[in-house]
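Notes for the one structure printed next.
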Amino acid sequence: MTNTAEQKPAAAPRRLDPEDAQHALAAVQECLRRQMLVESLVHRQEQGDAKATLVEDLVHRQHEAELKALVDDLHPADIAFILESLPKEERQTVWNLVSAEHDADVLLEVEDWVRESLIEAMDRQDLVAATGNMDADELADLAPDLPPDVVAEVQKGLTEEERAQLLEAMGYPEDSVGAIMDFEMVRVREDVTLEVVLRYLRRLHELPDHTDQIFVVDRQDKLQGVLPISVLLVSEPDSEVHSVMNTDFLALNPLDSDADAAGAFERYDLVSAPVVDDQSRLIGRVTIADVVDVMREDSQEQALSRAGLQEEDIFAPMVKALRNRAPWLLFNICTAATASFVASQFEDTVSHIVVLAFLMSIVAGIGGNSGNQTMTMIIRALAMGRITPRNLWQLVKREMMVTLMVGLCGSLMAALFAWIISRSIWVAIVMMAAMICNMLVGAGIGVLVPMLRSRFGKDPAIGSSVLLTFATDSLGFFIFLGLATVFLL
């Protein structure tokens, strides 16, 4: 029986709830504001004034002590939240006051774009000290952001087993199970009694986080089954492990997608799952904590991707922000110009029936909203792996039928509104037909764009909303004004 968990003393500051974390952020910001205000007032004194310099030093030390007292009382996750919410200079001020014993935990908690700036500001000695006590899987998470010489120095302090685990974890693709698995787990043999297992567990300093099951392996470390903690506690102590272990269990491969693993955790309500290699040897495990991080990151990436953005520091320099935001905005200008050009080709129609100018934005807007609903459903289904070649066309037909029925209901209201402001039954009919057609266009684009991007290995969410807006605006104007030209002139 072996436990690969690092036995560390559990002494962490208290964890705040989200509302308290907001209050802590406000307190830190207020302290920083007062510090800047006092320093500004002192600098107005005559240059070289020894008394003013002394006052500034005293005030600075007082504010530092106040800030440190605030930070020392926080959980690393809450410190990370505060650092992510501050501009770079203020962030660095707070980071310098974080206790060295919490540096590693905070670096693991913060977002990648903040971690890079924090690591840049740390000297080599501090980085080695912060990462020296990390587990192999934690160090693998930070390794891409650490200077190579720091990683090499930290490796010298690892055991052979830990060094092998680190190299293994660093060798897996970023979005794979191997990249998120950890090596802290309890393993037992199948030929021992539960009493022996219980005595072994009592000798451990603590169980690895999220331990809901013990992994049963043979002498070659091949996974034979799992022993749930609940079964261990209620079974007879003299029973042998093989008689009560579960042989029907979910095992992951290190090259599986982390999104697929997240889907499996969601479907089967898992707390942890073993990771085995191609020879069925147990090499690690994935826990619900790892999966929650994957789900959160995927959700954030999808939200940004739909607007054509990449993750960035909210306080990043303007040049960096422009590089991130400008490309899709410029593309959006081109699409909007195209839509305006389409509308300009029907100048005579609009000049004869002015009310069309007020109605065509409704047609374009409703088509875009309808397509956005469909697109959201498709992107979600793709992320969960629910779309296959067998059900694709069935899904497309269903979405088109749903859109048609919703369009019929909505277009009746739009037609009534068009008749009220125009007093023309033909304007109302054109409005109704154009809205249904454009909603179907939106639904079609909402299905095809994510599917095609996924088919060619691209993120289905990136820029999808921009392309959808382009299609529903341009074709919406064309359909509405084209029908008006044919039937109203």
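The values are calculated or read from the model by the stated rules, or taken from the named source; none is laboratory data. This structure is a prediction, so every number in the text was calculated from the model and none was measured. Because the Cβ atoms are built from the backbone with ideal geometry, glycine has one as well, and the counts that use them run over all protein chains shown. Areas reflect the complete protein model, heavy atoms only, side chains present, ligands, DNA and RNA absent. Shrake-Rupley method; radii C 1.70, N 1.55, O 1.52, S 1.80 Å.
With a 1.4 Å probe rolled over the protein heavy atoms of all chains, the accessible area of His102, His23 falls in the order His23, His102, largest first.
In the chain, inverting the average of 1/r over every pair of distinct C-alpha atoms gives 27.6 Å as the Kirkwood radius. Charging the Cβ of each Asp and Glu at -1 and of each Lys and Arg at +1, and nothing else, the dipole of the stretch 187-307 about its Cα centre rounds to 300 debye. In the full protein context, the chain carries 55 Å² of accessible surface per residue, based on a 1.4 Å probe and ignoring ligands, DNA and RNA.
Each peptide in 253-261, 235-243 gets a packing score, the mean of other Cβ atoms within 10 Å over its residues, and the list from highest to lowest is 253-261, 235-243. The residue among Val150, Ser465, Ala77 whose Cα reaches farthest toward the positive pole of the charge dipole of the chain, with charges on the beta-carbon of Lys, Arg, Asp and Glu, is Ser465. Each Cα pair under 8 Å and six or more residues apart adds its separation to the average, and for the chain the resulting relative contact order is 12 percent.
Summary of packing: across the peptides 433-444, 375-386, the per-residue average of other C-beta atoms within 10 Å ranks them, highest first, as 433-444, 375-386. In the stretch 430-489, the ratio of gyration radius to Kirkwood radius, Rg to Rh, stands at 1.13 when only Cα atoms are counted. How would the stretch 189-296 be classified by its alpha-carbon gyration tensor: rounded, prolate or oblate, with rounded meaning a/c under 1.5 and the a/b versus b/c comparison settling the rest? Taking the square roots of the gyration eigenvalues as a ≥ b ≥ c, the stretch 189-296 is prolate. Surface composition of the chain: carbon and sulfur make up 57 percent of the accessible area, probe 1.4 Å.
Largest first, the three principal axis extents of the alpha carbons in the stretch 18-175 are 61, 38, 23 Å in whole numbers. Value of Rg to Rh for the stretch 318-488, rounded to two decimals, is 1.03; Kirkwood radius and Rg both from alpha-carbon coordinates. Within the same chain, aspartates and glutamates fewer than 8 places from Lys88 are excluded, and of the rest, those with a Cα less than 15 Å from its Cα are Glu111, Asp112, Glu116, Glu120, Glu312, Asp313.
Placing +1 on the Cβ of every Lys and Arg and -1 on the Cβ of every Asp and Glu, with nothing else charged, gives the stretch 318-488 a dipole about its Cα centre of roughly 840 debye. Could you tell me which of Gly225, Gly407, Val294 has its Cα farthest along the dipole of the chain towards the positive end, charges placed at Cβ (Lys, Arg +1; Asp, Glu -1), taken about the Cα centre? Final value for the positive-end residue is Gly407. Dividing the summed helix terms, -39500 (n - 2.57) for each DSSP H run of n ≥ 4, by the number of residues in the chain produces a 222 nm estimate of -21500 deg cm²/dmol to the nearest 500. When the surface is traced with a 1.4 Å probe over the full set of protein chains, Cys409 keeps roughly 90 Å² accessible. Taken about its Cα centre, the chain carries a charge dipole of about 2860 debye when Lys and Arg each add +1 at the Cβ and Asp and Glu each add -1 at the Cβ. Karplus-based coupling profile of the stretch 345-353, in residue order and whole Hz: 6, 10, 4, 5, 4, 5, 5, 7, 10, with θ = phi - 60° in 6.51 cos²θ - 1.76 cosθ + 1.60 and x standing for Gly or Pro. Helix screen, the chain: DSSP H segments with Cα axial length of 27 Å or more and mean Kyte-Doolittle hydropathy at least -0.5 are 18-43, 50-72, 318-344, 355-383, 392-422, 425-455, 464-488.
Farthest toward the positive end of the dipole of the chain, out of Asn372, Ala273, Val196, is the Cα of Asn372, where the dipole comes from beta carbon charges about the Cα centre.
In sequence order, the stretch 214-222 has phi-based couplings of 9, 8, 9, 10, 8, 6, 9, 6, 7 Hz under the Karplus curve 6.51 cos²θ - 1.76 cosθ + 1.60, θ = phi - 60°, and Gly or Pro positions carry x. Once Rg and the Kirkwood radius are both taken over the C-alpha atoms of the stretch 156-238, their ratio Rg/Rh works out to 1.03. Structural descriptor for the stretch 318-488: relative contact order 39 percent, calculated from alpha carbon pairs under 8 angstrom and at least 6 residues apart.
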